[in-house]
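Heads up: the structure comes next, in structure tokens.
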Protein chains: 4
Amino acid sequence: MKNKKPNQGWKSKIHEIIYEADTPMGKWFDIVLFILIITSVILVMLESVKEIDTKYHDILLSLEWVITIFFTVEYIARIVSIKKPFKYIFSFYGIIDLISTIPLYISYIFAGSQVLLAVRALRLLRVFRILKLVQFLGEASQLTRALKASRAKIAVFIYAVLILSVIMGTIMYLVEDDAAGFTSIPRSIYWAIVTLTTVGYGDIAPQTSLGQLIATIVMILGYGIIAVPTGIVTSEFTKQGNTEEDKIHLNTQSCPTCSCEGHRDEASHCFNCGSEL
Amino acid sequence: MKNKKPNQGWKSKIHEIIYEADTPMGKWFDIVLFILIITSVILVMLESVKEIDTKYHDILLSLEWVITIFFTVEYIARIVSIKKPFKYIFSFYGIIDLISTIPLYISYIFAGSQVLLAVRALRLLRVFRILKLVQFLGEASQLTRALKASRAKIAVFIYAVLILSVIMGTIMYLVEDDAAGFTSIPRSIYWAIVTLTTVGYGDIAPQTSLGQLIATIVMILGYGIIAVPTGIVTSEFTKQGNTEEDKIHLNTQSCPTCSCEGHRDEASHCFNCGSEL
Amino acid sequence: MKNKKPNQGWKSKIHEIIYEADTPMGKWFDIVLFILIITSVILVMLESVKEIDTKYHDILLSLEWVITIFFTVEYIARIVSIKKPFKYIFSFYGIIDLISTIPLYISYIFAGSQVLLAVRALRLLRVFRILKLVQFLGEASQLTRALKASRAKIAVFIYAVLILSVIMGTIMYLVEDDAAGFTSIPRSIYWAIVTLTTVGYGDIAPQTSLGQLIATIVMILGYGIIAVPTGIVTSEFTKQGNTEEDKIHLNTQSCPTCSCEGHRDEASHCFNCGSEL
Amino acid sequence: MKNKKPNQGWKSKIHEIIYEADTPMGKWFDIVLFILIITSVILVMLESVKEIDTKYHDILLSLEWVITIFFTVEYIARIVSIKKPFKYIFSFYGIIDLISTIPLYISYIFAGSQVLLAVRALRLLRVFRILKLVQFLGEASQLTRALKASRAKIAVFIYAVLILSVIMGTIMYLVEDDAAGFTSIPRSIYWAIVTLTTVGYGDIAPQTSLGQLIATIVMILGYGIIAVPTGIVTSEFTKQGNTEEDKIHLNTQSCPTCSCEGHRDEASHCFNCGSEL
């Protein structure tokens, strides 16, 4: 931050406010953005409740317009203030920003596209961008590392669960008849997953003795199988706990050229594109 | 206890009986209080069962009056015997004591306030004050320490579960129609949490193929995600197990001035307000 | 076994067959007993299924009589062959043996006592006595030791779950109305436990928005709380794993005087009553 | 692979393609086979959905014939190219290959045997043979080793769960009446397992106060018991993690005589039958 040249003028200023959180302005911007995102998500929820929507439709819509305009301005500012705008536009957050901003505009252009308004709940994903800057980053990154390290084992586990569900579902389709809800193999597989994961809705449940016996086996399997991901993640956490100290302090600065993040405090050039920070 | 001056007279005596458990009288008081609390909570439960309330209304009410009067006397004694009564009155347990004692009086003053009587179940919280003095304090405090140490990680985890629920709930609101119970986004989020936590009531369940496919993903996520808090707490417990020996013996004495607790056996002054113990 | 004197004649012989499993005869007796117990439990189950009972009543009853007579003879032999019969009669297994043998006799003496026949399913508990002698004793005892070591922690945990259920149940009783199934506090507590343990029958489920919000909190609590017993038991298992080698080899001999078990191979006197083995 | 003699001609060539994955041809064969298996399983599922089957019956059937003929050719090639064909035919995968290939033929010979068509979902098991060759073999084998090492403990655990279910089921059969769904002891045991494993369909649920109290105990037991398999597997995983480095690199070659697998890279003779690789 210290060695940033002031010659990029207002663009650099906006970049600092919008993309970073090391300056007071940047922090304030993030807090306002956070509140607006949460408010807007609550608005989307309230609109979906018919009674509330009927009563307070106008207030909700006005608030929605205020927030949408703020997000539109922010979206344009993000494009303008970055050196390589297309990198931002086609990045994950760029796309999220766009599709969580435009539904309100579209709903006026195309009739029947009101359904799209619920898409605005995706704005919640934007919270991740802000929270990345928050204190408990360390905790989250330890979580992420533990999950990444056990990725392959978890994949094997999920694969095994799916195979088991398909086979158990098919067997139940043969054993039980349509009246109990096992009308097709996909539905029976759905039942098998509902049972294996111990969710157990009860919308489809075996009626025959043989079906209940097989269901019993699926349940005990599911009850036992849950030990596997737990064992994987726990042993990974225990390992992680021992190597926790070798963390490097990263700051919240993002490269003004390629917008990549996670630079060290002492870094003066972007580790990705090499341009000055 | 030994170096307590006898010049505070009966107030000091009552303080010792009510607030501490090191003397025989103090122990007896705690046991009687414990039995009365459990009895009164059972009374509250029985009153709520219509058949029982109709039959034994008078007996239940008489017993309730006996217990309420005891609690009233105890509440006044607690205020009188302490040096800074307002500190007690506005403390967590002070408020609990008050709101678990007055409902019976209020129900005679204001008609329709019978609903408040159920508030008396909060008396159960008072059991914690007594149990703090019990043998297995060590175990509980180890539990508490393990949970405290993993507080930040658990917060990140709960946050992730909530975000996931909101997004999955919104997707299901778009995919499923009202007939299946997905009438609004909040209800769909409720469904998502019911499914993610593997509770699975079945009051709201997906009906369409696409909905069931997405539900399947939510279930497997929920089934796998449970490994995360387990991993966190387990690795914390394993750590705690290694440092278990360095416990300091605390006694049940509480400061007569500020009523704070957890003094060491050898302490002669309150570590909080500095007044003599 | 080697230093047992032969002067106790046939009683000692029967004692060896019935109570021990070191001799070929003793092993055969245990295997026959095991098969009879399993058969008799299956018989009890089949009798409870109305269709099967109507069709095969006579066959089931005959088989039941054969097994009951065998158990009667065994029960008498157990009493006769032991030096202190009353110790056996009033021991846990002595009582189980009696109440799992007599229901058939009683059902002929008192009309309407057919209900008692289901009590015979308790015979299953007798399997534990036999299995104690089986190979995987070591595994089971490690399990038992791990559970014993974490007994106090598990008690604190169950206590906390119960308190939480009572408070959450009472809150839900106030929030939800009778139509949703929350007709009394005990029923609401039942709902709270069903939800906290992630069983989720769905016979009682919140209908109002506030009720669903509170239910959501209970679910996430329950989903997270499960990490606690898992953490306790796992950390205990990991400890146990390190001290597994220091097992003492125990044999299946039981004292002919007081019938207590778990004697070391080299023992020549009962560690409990001091009489010769 | 390098020291294989070319004198076995085309049989050896086919053996290499079908049974192994070290050559480019072998890899391609495996990929094609994998796609065909997945396609065919999806076909079986789609056929079971009545609406889809009615509309696209002819397309589904044609595709099914193409795949069945491919599998038939493959099955014959497997028999021809191996030295001891009967060993393959009566091996686990040999039987799976046969019974997942013939249902379509049989459905034309015997009327009413259409039910058998669902058996083709067993083709999914064949995926395991292919995946054995895939990268994450190491992960899967670690999983398998951890589960094998805790086999005995898991057996004790499942046995305890079953005993508990039988006893709890019997008690509930005595306590609850038929109206609540507890019509026979086997059904009550089914309920006990549904509750213990926290699946909780809700198709059978206690109605009386006593029944709900007992159900509550079963739930808390089930909620706590899940800690046991988790503890077992986790402590096993933690152990495995420490000994992970001593893995021997195995290749995908299979013996041309006895088709057993898992040969070391440097092996020149089958470790099972001694014939040259």
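The values are calculated or read from the model by the stated rules, or taken from the named source; none is laboratory data. Everything numeric here is computed off the predicted structure, so don't read it as measured data. Cβ: placed from backbone, ideal geometry, glycine included. Neighbour counts: every protein chain shown. Surface areas here come from the heavy atoms of the whole protein model, side chains and all, with no ligands, DNA or RNA. Shrake-Rupley method; radii C 1.70, N 1.55, O 1.52, S 1.80 Å.
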Averaged over all viewing directions, the convex hull of the alpha carbons in the range D:138-247 casts a projected area in nm² of 7.5
Per residue of B:206-218, other chain Cβ atoms within 10 Å number on average 3
Scattering profile of the range B:4-132 from the Debye formula, Cα beads only, expressed as log10 I(q)/I(0) at q = 0.20 Å⁻¹, is -1.19
Note: probe point = Cα of A:D177 + 7 Å toward Cβ; backbone nitrogen < 19 Å; residues of the range C:31-52 passing the test are C:51-52
Sorted shortest first, the nm distances from the C:K148 label point (7 Å along Cα→Cβ) to its counterparts in the other copies are 3.2, 3.2, 4.6
A correct Karplus calculation of ³J(HN,Hα) over the range D:207-224, with 6.51 cos²θ - 1.76 cosθ + 1.60, θ = phi - 60°, whole Hz and x for Gly and Pro, returns 10, 7, 5, 4, x, 5, 5, 5, 4, 4, 5, 4, 4, 5, 4, x, 5, x
Once A:D22, D:D30 are ranked on solvent-accessible area with the largest value leading and a 1.4 Å probe, the list reads A:D22, D:D30
Probe 1.4 Å, protein heavy atoms only: A and D together bury a total accessible area in Å², to the nearest 100, of 3700
So for R0 = 30 Å, FRET eff. of C:S62-C:I31 from the Cβ-Cβ r, to 0.05, ends up at 0.85
Sorting from shortest, the nanometre distances separating the label point of A:I109 (7 Å past Cα along the line to Cβ) from those of the same residue in the other copies are 6.3, 6.4, 9.0
Inter-copy distances for D:I217, label 7 Å out on the Cα-Cβ vector, sorted ascending, nm, one decimal, are 3.1, 3.1, 4.4
Expected field for D:Y88, accessible surface area in Å² at 1.4 Å probe radius, rounded to 10, holds 10
Rg (one decimal) and Dmax (whole number) from the Cα set of the range C:10-62, in Å, equal 16.1, 47
Pseudo-spin-label distance D:I217 to A:K148, built 7 Å along Cα→Cβ, given in nm, is 5.0
Counting only protein heavy atoms and leaving out ligands, DNA and RNA, the solvent-accessible surface of B:W65 at a 1.4 Å probe, in Å² to the nearest 10, equals 70
Mean other chain Cβ within 10 Å across D:149-158 is 5
For B:V66, the accessible surface traced by a 1.4 Å probe with all protein chains present amounts, in square angstrom to the nearest 10, to 90
